[in-house]
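Take a look at the structure below.
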Amino acid sequence: MATVHIGLTYPDLIAHVTPGDLAERAERWGFHTLWVTDHALKPRLDPLVVLAAVSQRTRHLRLGTGVLAVPYRTPYLTAKAAASVDVLSGGRVTLGLGIGDLFDEFAALELDRRVRGRLSDERLEIIRRLLTEDRVSFHGRLHRVTDLRLLPRPVQQPHIPLWVGGHWAGGFVEPVLRRVARFADVFFPTWTPVEGYRVAQAAIRRHARTEGRDPDAIGWGRRSGPMSGTARPRGAARGPWPCRSASGSPRWTSRRAPRWVPPPTASRRWSATSRSASPSST
């Protein structure tokens, strides 16, 4: 049976708890990862700045972006920031990446949302190569770089883990599944029903073989909303405590826990849930 690692997402509560304070508690409580989200126009702190700050307040907690919108930053700046936080944290970064989907944010950043898929594919290739190769040259339709070198190098080798997201809208379009098969260490979509996940998993494995990758090298992630059937104690704060869990690679699952559930209780409940509802077909 795979080990379940439980992480939490930093909520939009800067007026009530700082990222560093929450991260220290999370590490003390035994959580595995602190995740941060990426929305340019929402009143949230920059995700990579948050992780850099949290890296100095923790020793073991992994630090993840869930997920970073690839079109919002040049590939070099994304790789540079991720590598820098990896150095500061002693090798604890998980780089979750997606193509983004909010019209207003693309407009505010003067980006063409219609080409975000092609743009992201080229940037994902450049990012991965910058994190693994000493010098990178790339000549695509939208990007041209020559003899580009990333320094300092990330601590984690062969590279920082890349978790690639996807948006469930009654299914996943083929470009999303091919993107995961080509670049992802872990598939990390938005909430997805189990049967829909099984279909996506089979397609990703098929595309991975076409790309010359070992399908078994790809981990399987999943995010979902608060679990049902949990009673809230009288007087407890309302609203979810956003959490994500991961069972040992190559099968990963994700859950959100209610704020009022103490971590040990939540751990036992999530472990049972992930065993019964794992999307893996193996």
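Screening the candidates 49, 70 for the property of being in contact (Cβ under 8 Å) with a residue 12 or more places away in the chain and among the β-branched types (Val, Ile, Thr) yields one hit, 70.
Please state which one of 215, 189, 154 is surrounded by 12 or more Cβ atoms within 10 Å (Cβ to Cβ), out of contact with any Ser or Thr (no Cβ under 7 Å at 6 or more places or on another chain) and closer than 14 Å to residue 98 by Cα. Of 215, 189, 154, the one residue that is surrounded by 12 or more Cβ atoms within 10 Å (Cβ to Cβ), out of contact with any Ser or Thr (no Cβ under 7 Å at 6 or more places or on another chain) and closer than 14 Å to residue 98 by Cα is 189. Counting only residues that are free of Cβ contacts under 8 Å to residues at least 12 places away in the same chain and within 22 Å of the chain's Cα centre (by Cα), the range 133-164 holds 1 of them. Restricted to the range 1-98, the set of helices (runs of 4 or more DSSP H) holding at least 1 residues that are modelled with pLDDT of 95 or more, touching a Lys or Arg at 6+ places or on another chain (Cβ under 9 Å) and farther than 17 Å from residue 160 by Cα comprises 19-29, 47-55.
Examine the range 108-116 for a residue that is surrounded by fewer than 16 Cβ atoms within 10 Å (Cβ to Cβ), assigned to a loop (DSSP other than H, G, I, E, B) and touching a Phe, Trp or Tyr at 6+ places or on another chain (Cβ under 9 Å), and state whether such a residue exists. Yes, that holds for at least one residue. When the residues of the range 157-185 are filtered to those that are assigned to a helix (DSSP H, G or I) and among the aliphatic types (A, V, I, L, M), the one that is surrounded by the most Cβ atoms within 10 Å (Cβ to Cβ) is 180.
Listed here are the residues, each with its yes/no results for (1) over 15 Å from the mean Cα position of the chain (by Cα); (2) among the hydrophobic types (A, V, I, L, M, F, W, C).
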site	(1), (2)
42	yes, no
45	yes, yes
55	yes, no
92	no, no
95	no, yes
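Of the residues screened, residue 152 is not one that is touching a helix residue (DSSP H, G or I) at 6+ places or on another chain (Cβ under 8 Å) and at pLDDT below 95.
The values are calculated or read from the model by the stated rules, or taken from the named source; none is laboratory data. What you are looking at is a predicted structure, and each value in this text was computed from that prediction instead of being measured. So basically every Cβ, Gly included, is an ideal-geometry build from the backbone, and we count neighbours across all protein chains shown.
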